[in-house]
1. Given the conditions (1) surrounded by fewer than 10 Cβ atoms within 10 Å (Cβ to Cβ); (2) more than 26 Å from the chain's Cα centre (by Cα); (3) among the β-branched types (Val, Ile, Thr), and given that residue 123 satisfies all but one, which numbered condition is not satisfied?
2. So, in segment 66-81, how many residues would count as being outside any helix (DSSP H, G or I) and either free of Cβ contacts under 8 Å to residues at least 12 places away in the same chain or aromatic (Phe, Trp, Tyr) (or both)?
3. Do the conditions hold for residue 52, that is, is it modelled with pLDDT under 75 and either of a type outside the set (Lys, Arg) or loosely packed, with under 10 Cβ neighbours inside 10 Å (or both)?
4. What number of residues in segment 1-18 are surrounded by 12 or more Cβ atoms within 10 Å (Cβ to Cβ) and either at pLDDT below 80 or of a type in the set (Val, Ile, Thr) (or both)?
5. Given the structure, is residue 129 among the aromatic types (Phe, Trp, Tyr) and outside the structural domain of residue 24 (by TED's automatic domain parsing)?
6. Could you please find all residues in segment 55-76 being under 27 Å from residue 24 (Cα atoms) and surrounded by 10 or more Cβ atoms within 10 Å (Cβ to Cβ)?
Amino acid sequence: MFASFASELPWAKCEGSWGEHCVDSSAIIAHAGDRNKTVEQAVSSSQIYFLDIVLKEKSQIYDGIGSPDWKLSLWLLLAWAVIFLILVRGVRSSGKAAYFLAIFPYVVLLIILIRALTLEGAIDGVIFFVKPQWGELLNPKRCYDRDNIRYIY
């Protein structure tokens, strides 16, 4: 996740150790119309980055499972430390967190709603959603859909 904040994305260009079939992801996007060369064995740099760096996938079964990743071990240790601190502090402090966790999603939804309503054409969408379409009530297809939903639940 932190790699995505770099000025040049690490999966945009091929590394030397990724093999000869690696194709830059930026080149694939820039030259999408050029299909002169065969691409059967070509692998994008983003796919290789995901498989080799993120997942640490081994190419063969005899390579073994590998050693533990120290970064993941540190994140696991941090998670257990946070859980320990929460349990030590007790229910009183977690009750305060419950107030925040109960209200925060509604605040975020309200912010998203306000942003969505300020977009161009948003009022037309709201009117379409709220205004009933009486002709659709007599449409046999809608009656069939309504009855199917009733039997599913």
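1. Among (1) surrounded by fewer than 10 Cβ atoms within 10 Å (Cβ to Cβ); (2) more than 26 Å from the chain's Cα centre (by Cα); (3) among the β-branched types (Val, Ile, Thr), residue 123 violates only (1).
2. 3
3. no
4. Looking only at segment 1-18, we keep the residues that are surrounded by 12 or more Cβ atoms within 10 Å (Cβ to Cβ), and these are 9-15, 18.
If we keep only those that are either at pLDDT below 80 or of a type in the set (Val, Ile, Thr) (or both) as well, we get 18.
Summing the residues that are surrounded by 12 or more Cβ atoms within 10 Å (Cβ to Cβ) and either at pLDDT below 80 or of a type in the set (Val, Ile, Thr) (or both) in segment 1-18 gives 1.
5. yes
6. Scanning segment 55-76 gives 56, 57, 58, 69.
The values are calculated or read from the model by the stated rules, or taken from the named source; none is laboratory data. These numbers come from a predicted model, not from an experiment. Note that each Cβ is placed from the backbone with ideal geometry, even for glycine, and that neighbours are counted across all protein chains shown.
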